[in-house]
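What follows is a set of notes on a single structure, which appears directly below.
Read the figures in this text as sums done on the coordinates, not as results from a lab. As the structure is a prediction and not an experimental result, all values here were calculated from the model. Cβ placement follows ideal geometry from the backbone for every residue including glycine, while neighbour counts extend to all protein chains displayed.
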Amino acid sequence: MARTPLIAGNWKMYKTEREAEEYIQALLPRVSAVDGVDVALCVPFTDLRAMVDSARGSRVEIYAQNMHHEPEGPYTGEISAPMLTELDVRGVVLGHSERRAMFGETDKALALKVPAALEAGMVPILCVGETEEERDSGETDRKLRQQVRDDLAGVSLERLADVVIAYEPIWAIGTGRVASPEQAQESIAFIRALVGDRERQAAESVRVLYGGSVKPDNAAELLALPDVDGALVGGASLQADSFAAIVASAPR
Ligand code: PGA
């Protein structure tokens, strides 16, 4: 089954609304001719409304970077799925390693957030990945198995293929140390097989992205790998030029 590649930019805590506006005006003409690739920008909450308005009618979809699982409640500082969908936000990054490491995001919370995003009609991009220590001690598969099992535990078999999974080895995030094509292919094929253990057909259609130091000069090689269905791009998504170059290198 053909899977449409997804190139998603993860801005993290970068860009005020004004900076975001300048960026999207520079990006849109650079990606308007691209066909057969889904393009998403995962932006800070304060940029969402302006970005959705500016990207309307283009091929760029706007995603958030986090979400609470409850639709509303006494959760100071949190944002819910209905708050996002009312703005036409199409998806949300969940379980990024920065949120896990610095903000106490747990697998238990993710088991609630991923199905909540799906039920609200958003595409969840679930991030998984091992530390350098885990890779060096041969623990990569164990870590990926545990995260995929626990974080997707609340997703029904019918919805499994609607989740996007981003394989992001933590040692490759923001370090310039990209995974080798062999490492990326092997771990992503393993993640696909884990999905297949739960639902054979979902493995064929679920999209699994690679993330971690994706740049214009290494994107084509990674994106050509048989199991890699796109990229989650941090630093290189912050300039419209480099992000557009990565979008252009997706096979279609
Ligand atoms: P990076 O970040 O591309 O800057 O390594 C990737 C990510 O954190 O999603």
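Details
- Ordering of 50-59, 122-131, 151-160 by packing is 122-131, 151-160, 50-59, highest average first (other Cβ atoms within 10 Å, averaged per residue).
- 5 angstrom amide H check on residue 80, placed H, neighbours 5+ away: 68
- Applying a DSSP loop filter and a limit of 13 other Cβ atoms within 10 Å to the chymotrypsin sites (Phe, Trp or Tyr not before Pro) in the range 45-100 leaves 75.
- Placing a pseudo-label 7 Å from each Cα along the Cα-to-Cβ vector at residue 18 and residue 133 gives an inter-label distance of 4.3 nm.
- Charge dipole (Cα centre; +1 on Lys/Arg Cβ, -1 on Asp/Glu Cβ; no other charges) of the range 162-214 amounts to roughly 80 debye.
- HN-Hα J in Hz across the range 157-167 - Karplus 6.51, -1.76, 1.60, θ = phi - 60°, x for Gly and Pro: 4, 5, 9, 4, 6, 7, 7, 9, 10, 10, 7
- Between 127, 110, 32, the Cα set farthest toward the positive side of the dipole of the chain (charges on each charged residue's Cβ, about the Cα centre) is that of 32.
- Gained length - residue 198 relative to residue 150, 0.36 nm times residue gap less alpha-carbon distance: 16.0 nm
- One equal scatterer on each Cα of the chain, no solvent, Debye formula: the resulting log10 I(q)/I(0) at q = 0.14 Å⁻¹ is -0.89.
- Amide H partners (placed H, <5 Å) of residue 250, local residues excluded: none
- For the chain, adding -39500 (n - 2.57) for each run of n ≥ 4 DSSP H residues and dividing by the number of residues yields -12000 deg cm²/dmol at 222 nm.
- Comparing Cα centroids, the range 172-207 and the range 12-42 end up 26 angstrom apart.
- Proximity of backbone amide H atoms, modeled 1.01 Å from N, is registered between residue 93 and 64, 65, 66, 125 at under 5 Å, excluding neighbours fewer than 5 places apart on the same chain.
- Two-site FRET efficiency, residue 25 against residue 215, from Cβ-Cβ distance with R₀ of 35 Å, rounded to 0.05: 0.90
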